[in-house]
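Novice: To start, I am sharing the structure in question, which I have written as C-alpha cells.
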Amino acid sequence: MTKTWNNKAWFMVLPVVILVAFSALLPLMTVVNYSIQDTFGNNQFFFAGFEWFEEIMTSSRFHDALGRQFLFSTIILAIEVPLGIFIAMNLPSKGWKSSLCLVLISLPLLIPLNVVGTIWQIFGRADIGLLGASIAALGLDYNYTQNAVDAWITIIVMDVWHWTSLVALLCFAGLQSIPEAYYQAARIDGASKWATFRYIQLPKMHGVLLIAVLLRFMDSFMIYTEPFVLTGGGPGNSTTFLSIDLVKMAIGQFDLGPAAAFSLIYFLIILLMSFIFYTVMNSLDKKEG
Amino acid sequence: MKVTKSGMVMFLYILFLMLPIYWLLNMSLKTNNEILNSFSLWPQNLTFENYMTIFTDKSWYSGYINSITYVLMNTVISICVALPAAYAFSRYRFMGDKHLFFWLLTNRMAPPAVFALPFFQLYSSVGLFDTHIAVALAHCLFNVPLAVWILEGFMSGVPKEIDETAYLDGYSFTRFFTRIFMPLIASGIGVVAFFCFMFSWVELLLARTLTSVVAKPIAATMTRTVSAAGMDWGVLAAAGILTIVPGALVIYFVRNYIAKGFALGRV
Amino acid sequence: MAEIHLKGLAHSYDPNASEEGHYALKQIDHVWEDGKAYALLGASGCGKSTLLNIISGLLHPSKGQVLFDGVDVTNLPTEERHIAQVFQFPVVYDTMSVYDNLAFPLRNRGHDEATIKERVLNIAEILEMTDVLNKKARGLTADAKQKISLGRGLVRENVAAILFDEPLTVIDPHLKWLLRMQLKSLHLRLKRTMIYVTHDQTEALTFADKVVVMHDGYVVQIGTPEELFDKPQHTFVGYFIGSPGMNFIDAKITGSQAVIAGETVELAASYEIKDSDKVELGIRPEFVTLSAAPSAGSFKVSVKRIEDIGRHKIVHVDFNGNDVSAIVPENVAITDDFTNMVFDQSRINIYSNDWLVEGGLSHD
C-alpha cells in the first residue's frame, strides 16, 4: 500500500509516545543515571564513570548468569520450535475438534507466571506431586530442590509445557493460510511428505516462525517468575538466570549502581540478539526467495 | 472412532498439558491432611473448604478484584492509545516513523526486571505507588507496543480505498473511524484485547513491586502466603485454579481468532 | 496420454444423499477420446469442478468408475493417476527457481539428473521460458507462474491428461488471449488429452475440439462448437452459448406448424409432441431478419432497443409481448419502421421440456 506523507500523523501517535515515554524513557534514564554514579547513602551521589560497567563486565557472577541464560534460551528454542511446528501440523484444521484443541492448548498461556511455577512446584514434589511421585516410584532419585540437573530439567519441561503452544499456534496460523490447491499440486507432482513440508509448508510459515523465534527468545531471556517460584535460583546458583540475579542485586542487596549497569548491559544484549535473529532470518528469506 | 497418528499426537500433547493442571485441581479439592498423608489420583474426601476460605477471606478475594481491575484498566488504556497510532502507522508516512515504530517494539524486549526498581521510585515519587493505575500504566510498557503492532497489521489489511470512499461520502474522520473503520477491524481489536489481558494477567514482577496492600494482585497474595504461613497447599491450589478461570473464559470467547491473533494479524 | 471413460459416474457431497437433487453431479456416461482438447463449460456451481476433481482423483465419486485407457483408476490416489493440473490461482514453489520447479515432479519420481535436465530444457523451450530458468519463481508474473504450473505437467512424459481449472482467472485481459493461443498451439503440437474448465464461452469455443456443457449437475451436451451453435441439445446450451443467446418463444405444435404468440410459423419438419409438455421454439438472433417491407411469413414487431457493439447491432424487438433479439449487420440502418420479422426456417429448433426434439419428414 502506498502511504501519503503527512506529518500531522504525529498527533495520532503522540498519546502512545507520551505514555511509553513516561513508562519507559523516564525509568531508563534513572537507570542510566544510577549506572554512572556511586553513593555512600543519605541520597548523596557522585560520578563514578564507567566503573560499574567494568565491574559487571568482569565479574564472574555476571558471566555465569549470562552463560546459564544463553544455555537456557538455546535449549528452549531447540525444543520448542521443532515441537511447536510438529504440533501445529497435527492440529485438526477445522470443525469442533479444531476449536477444542485450540482452547485446550492455549490454556497454559493464560496462567499467571507464578501459578505456572506453583503448579510445577507441586507437580514435581516427590511427596505430593504426581510427576515427582511417579519418578520416585520408578526408583529414580529425583529432587529438583537438591540436584542442579533435576532443577534444570524441571525448569525446561515447565517452559516447554508453558510456551510450546505459542509456537504451535503461530505455526498453525501460518499453515491455515496455505490454499488447498498447493497440497493438491504437491500430490499431483508426487511430492513426498517431507518435500511438501520443505517446499510448501515451511516457506509459508517463515513469517510466523520469525515472530515465534523472536518472542520465545526475548521472553526466555527475560524469564524470572517461574524459576523464582520453582527453585528460587537454586540449588546454589545453578538456576539463577539474569533477571533473578538482577532482582537479587537491585532489590535484595540494593546495590543500585552495579544493578543499573547490569540492567543496561542486559537490555543491550537482548536488543542486539533480537536484531541479529531478525537480520539473519530475513536475509535467509531473501536468499531463499 | 479411528485413531489417527495426528489424533494420537494431539492426545499425548494435550494430556501433557492437562495433567499438571488436573493435579492442581485435584489438590484444591482435598484437605491438607489428605494431601500430605495419602497419595491419590482423585480426592477421597471431596471438600470445597479451600475455595470457601478464599471467597470469605477479604485478603484473598480482594486480590482477584485488584488483579482484574488493573488488567481491565490496562486493556482499555492500551487499546485507546494504540488505535490512532496504529492508524497513523498503517496509512501515513511521517518524520521518523520507522525509527519510532522500532523504538516502540524495543520496549517489548525490555526485561521487567530492569524496570522494577526505577518504576518503584518513579511511581512513589508521583504518589501513585500501591494504586491500580500504577500497575496498569506499568504494563502499558509492553502491551502498548504490542497493541500498535497487531493493530497495524490488521489495519494494513483494510484497503485504503475504503477511507477515501468514506471521505467522499462526507464522513468526518471521527465518524468514519468509529462507524466504519473500527467495525472492519473488530476482530483485530478483540485479538489486542485478548493479548493485553493475557500479558497483564500473567505478569507478576512489576505488579508485585508496585503494590503493597491496597492494590495487591492475587498472584502476589499467593507468593506471600506460601512463604509466611507455612504450606497451606489446599488453599494455594484453589487460588491457583481460580487464577486459571478468567483466562479459560477469555480463550473460550476468542477461540475462533486465536490462531490468527497469535500471528499478530500478519498472516 | 489416455482415453478417459466415465462410467455411471455420480457424486454427492452428502454421504447419505438419496434423492437426485442432493447430487452435485448426476449420472454421467461418456468416453473422452485420447489426444483431444475438451472444455467443460457451465455457470458457477454447475458441477464442473466436481467432475474435474473426480478425474484428477482429489475427490472420490459416490457412484461409478473412472477408467483411463480401460484401466479402472477410481480408487487410485492422485499421484498414481499420471495426470497434471493447472489451478485457478498459480501454484508455484516460491522458494525454488523456475528450473527446480519444472524438475520437481521428475525428482520426486526418482529420475536421474541428466534426463531431468534434458526434459526441463525441452519444456522451457516450448513454453518460451528458457531465459528465466534460473530466476526464483516467487518474483514472476501471474501468467509466467501459470506457465510453470503447466510446465510441471508437461515434463512428465506419461501424463494421461492435463486438467485446467479456470486457469486464466487471474491473468490480465490482454495476456489471456496470448496465453490461450499458446495453449492451443501447444495442444496441436503435443496431442495430449486436455480438459479445460471454464465459465467463459469464448475460452471454451476457441480452445476445445469438443465442448462439454454442464448445467445443474448434468452434462447437457458434448459437441463441437458448430454443433453447440446449430443444434443446442438443451435450452440452457442455446441460452448460454452465443451472444446474445438463442431466442426462446413458447409454442404450440401441430405437425409441421407452430403457433407462437398468436401467429403461425411453418416448420421444416413435423413433430409429435405430447400436449402436457412445455414446448418452445428456439431461433438464434443470427437467423432473425428485420425489414421495413413485409414479406412472406413475416410477423409484425416493434423495435424496442438497439445495441451497437461494433461488428454488428443487436436489435431487441417486441413480438406480441415476447422479447426477441436479432443480429443485424453494422451497415444496415435500423429505423422504427423496421416492423417485419422473418425467421430462417431451416434454423428453427423445437424444444420440449427444455430438450431438443428431432423433427420427422414434413408431410406437406
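Novice: If you average 1/r over every pair of different alpha-carbon atoms in chain B and take one over that average, what Kirkwood value in Å do you get?
Specialist: For chain B, inverting the mean 1/r across all distinct Cα pairs yields 21.3 Å.
Novice: Then there is this: Please report the antiparallel percentage of the DSSP beta bridges confined to the protein assembly as shown, to the nearest 5.
Specialist: 75
Novice: Using DSSP, restrict attention to beta bridges with both residues in region C:136-260 and report what percent are antiparallel, rounded to the nearest 5.
Specialist: 70
Novice: Please compute the modelled spin-label separation between C:GLU125 and A:ARG198, points set 7 Å along Cα→Cβ, answer in nm with one decimal.
Specialist: 3.0
Novice: Further question: Using Cα springs under 10 Å in a Gaussian network model of chain C, which residue among C:TYR13, C:TYR196, C:TYR351 shows the largest mean-square fluctuation?
Specialist: With Cα springs under 10 Å in chain C, the top fluctuation among C:TYR13, C:TYR196, C:TYR351 is at C:TYR13.
Novice: Then there is this: Within 10 Å of each Cβ of A:253-259, how many other protein chain Cβ atoms are there on average?
Specialist: 1
Novice: For region C:37-190, how many pairs of lysine residues have a Cα-Cα distance under 26 Å, where the two are 8 or more positions apart or belong to different chains?
Specialist: Summing the qualifying lysine pairs gives 21.
Novice: Between A:SER177 and C:ALA333, what is the FRET efficiency for a Förster distance of 51 Å, r being their Cβ-Cβ separation, to the nearest 0.05?
Specialist: 0.30
Novice: Of the peptides C:74-83, C:306-315, how do they stack up when ordered by the mean number of other Cβ atoms within 10 Å, highest first?
Specialist: Put in order of decreasing packing, that is C:74-83, C:306-315.
Novice: Evaluate the distance, in nm, between pseudo-label points positioned 7 Å from the Cα of A:LEU71 and of C:SER295 along their respective Cα→Cβ axes.
Specialist: Output for this residue pair reads 10.2 nm.
Novice: Still on this structure, I have one more. Going by average Cβ neighbours within 10 Å, how do the peptides C:163-173, B:142-152, B:78-88 rank, with the highest at the top?
Specialist: B:142-152, B:78-88, C:163-173
Novice: May I pose another question? P(r) of region B:1-47 in 10 Å steps, Cα pairs, percent per bin?
Specialist: 25, 35, 22, 16, 2
Novice: Further question on the same structure: Estimate the FRET efficiency between B:LEU12 and C:ASP250 by the formula 1/(1 + (r/R0)^6), using the beta-carbon distance for r and 60 Å for R0, to the nearest 0.05.
Specialist: 0.30
Novice: Using the per-residue mean of other Cβ atoms lying within 10 Å as a proxy for protection, in what order, highest first, do the peptides A:257-263, C:6-12 fall?
Specialist: A:257-263, C:6-12
Novice: Whole number please: convex hull volume per residue, Cα atoms of region C:129-180, in Å³.
Specialist: Residue-normalised Cα hull volume stands at 97 Å³.
Novice: I've got another one for you. Zone of C:VAL71 (label point 7 Å along Cα→Cβ, backbone N under 15 Å): which residues in region C:126-169?
Specialist: Taking a point 7 Å out along Cα→Cβ of C:VAL71, the residues of region C:126-169 whose backbone N falls under 15 Å are C:157-161.
Novice: Rank the residues A:SER98, C:SER49 as a footprinting-exposure proxy: fewest other Cβ atoms within 10 Å of their Cβ go first.
Specialist: A:SER98, C:SER49
Novice: Please give the FRET efficiency for C:ILE314 paired with C:ARG189, using the beta carbon to beta carbon distance and R0 = 41 Å, rounded to the nearest 0.05.
Specialist: 0.60
Novice: Quick check on region C:4-239: of the DSSP beta bridges with both residues there, what percent are antiparallel, nearest 5%?
Specialist: For region C:4-239, the DSSP antiparallel bridge percentage is about 50.
Novice: Here's something else I'd like to know. Averaged across C:95-103, how many Cβ atoms of other chains sit within 10 Å of each residue's Cβ atom?
Specialist: Per-residue shielding by partner chains comes out at 2.
Novice: Can you give the log10 of the normalised intensity I(q)/I(0) at q = 0.12, 0.19, 0.22 Å⁻¹, computed with Debye over equal Cα scatterers of region C:248-357?
Specialist: Calculated log10 I(q)/I(0) at the listed q: -0.42, -0.95, -1.19.
Novice: Hey, what number do you get for chain C at 222 nm if only DSSP H runs of n ≥ 4 count, each worth -39500 (n - 2.57), divided across all residues, to the nearest 500?
Specialist: -7000 deg cm²/dmol, from helical runs alone.
Novice: Over the whole of A:176-184, what's the average partner chain Cβ count within 10 Å per residue? Rounded to a whole number, please.
Specialist: Rounded to a whole number, the mean comes out at 5.
Novice: Pick out, from C:LEU133, C:VAL220, C:LEU183, the residue whose Cα sits farthest towards the positive end of the charge dipole of region C:129-267, with +1 on the Cβ of Lys and Arg and -1 on the Cβ of Asp and Glu.
Specialist: Highest projection toward the positive end goes to C:LEU133.
Novice: In a Debye calculation with equal point scatterers on the alpha-carbon sites of region C:4-239 and no solvent, what is log10 I(q)/I(0) at q = 0.14 Å⁻¹?
Specialist: -0.92
Novice: Before anything else, pin down the relative contact order of chain A: Cα pairs under 8 Å, at least 6 apart, normalised by residue count, whole percent.
Specialist: In percent, rounded to a whole number, it is 26.
Novice: Kindly put C:ARG192, A:ARG198 in sequence by how many other C-beta atoms sit within 10 Å of each C-beta, fewest to most.
Specialist: Ranked by crowding around the Cβ, least crowded first: A:ARG198, C:ARG192.
No lab work stands behind these numbers, since they all come straight from the coordinates. Computed from a predicted model, the values in this text were never measured in an experiment. Heads up, the Cβs are rebuilt from the backbone with ideal geometry, glycines too, and the neighbour counts pull from every protein chain shown.
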